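The values are calculated or read from the model by the stated rules, or taken from the named source; none is laboratory data. What you are looking at is a predicted structure, and each value in this text was computed from that prediction instead of being measured. Positions of Cβ are generated from backbone atoms using ideal geometry, with glycine treated the same way; all protein chains shown enter the neighbour counts. Just so you know, the surface numbers come from the protein's heavy atoms only, side chains and all, with ligands and any DNA or RNA stripped out. Shrake-Rupley method; radii C 1.70, N 1.55, O 1.52, S 1.80 Å.
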Amino acid sequence: QVQLVESGGGLVQAGGSLRLSCAASGSIFSINTMDWYRQAPGKQRELVARVTAGGSTNYAASVKGRFTISRDNAKNTVYLQMSTLKPEDTAVYYCNAVVVVTSPHRALEVWGQGTLVTVSS
């Protein structure tokens, strides 16, 4: 019923920047929280950043000051602007959202397929 499609990943040198996008589509009534997670090889998936429906944001300590999460409610899209990238930021980045679907209204947690970010030293 609802899909999240990420884009914007790729290869970048250390110190560079990338912008990830995640667009939600389907039978959407509203979207609550929108998050970015990442999973590096051999590591657990971790929460990178969160933005609430009201625009409040939270960041993992490892990315605070370097990453910025934002959302465009009219486009059902969340962004992650990543700056001053480090090799340790290399991971698959996943979009996650809590979506209230239409008729009947119920909340679903939805994941995107992931987009690979590789930061070379």
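So here's what we get for this one:
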{"item": "Close pairs (9 angstrom Cβ cut-off, 6 or more residues apart or separate chains): closer than 10 Å to Thr33 by Cβ in the range 50-62, assigned to a loop (DSSP other than H, G, I, E, B) anywhere", "result": "Arg50/Ser56; Ala53/Asn73; Asn58/Thr52"}
{"item": "Residues within the range 2-14 that are outside any strand (DSSP E or B) and on the phi > 0 side of the Ramachandran plot, tallied", "result": "1"}
{"item": "Hey, Thr68 without any contact (Cβ under 8 Å) to a residue 24 or more places away in the chain and of a type in the set (Val, Ile, Thr) or not", "result": "yes"}
{"item": "Answer residue from the range 103-121, given it is part of a loop (DSSP other than H, G, I, E, B) and open to solvent by 50 Å² or more (accessible area, probe 1.4 Å) and is nearest to Gly16 (Cα to Cα) among those", "result": "Ser121"}
{"item": "Within the range 15-44, tally of residues that are farther than 15 Å from Lys64 by Cα and either in contact with a Lys or Arg (Cβ under 7 Å, 6 or more places away or on another chain) or not in a loop (DSSP other than H, G, I, E, B) (or both)", "result": "17"}
{"item": "For Thr33: the one exception among (1) of a type in the set (S, T, N, Q); (2) open to solvent by 40 Å² or more (accessible area, probe 1.4 Å); (3) under 14 Å from the mean Cα position of the chain (by Cα)", "result": "(2)"}
{"item": "Any hit, the range 37-50, residues being touching a Leu at 6+ places or on another chain (Cβ under 6 Å), under 14 Å from Gly9 (Cα atoms), of a type in the set (Ser, Thr, Tyr) and surrounded by 14 or more Cβ atoms within 10 Å (Cβ to Cβ)", "result": "yes"}
{"item": "Residue in the range 96-112 that is touching a helix residue (DSSP H, G or I) at 6+ places or on another chain (Cβ under 9 Å) and under 23 Å from Gln44 (Cα atoms) present", "result": "no"}
{"item": "Selected residue [at pLDDT 95 or above, within 13 Å of Gly112 (Cα to Cα) and open to solvent by 50 Å² or more (accessible area, probe 1.4 Å)] from Ser25, Ser17", "result": "Ser25"}
{"item": "Number of the condition not met by Ala53 [criteria: (1) open to solvent by 80 Å² or more (accessible area, probe 1.4 Å); (2) outside any strand (DSSP E or B)]", "result": "(1)"}
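This table checks each residue for (1) open to solvent by 40 Å² or more (accessible area, probe 1.4 Å); (2) more than 13 Å from Ser25 (Cα to Cα); (3) touching a residue at least 60 places away in the same chain (Cβ under 8 Å).
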residue	(1), (2), (3)
Val78	no, no, no
Asp89	no, yes, no
Tyr93	no, yes, yes
Val101	no, no, yes
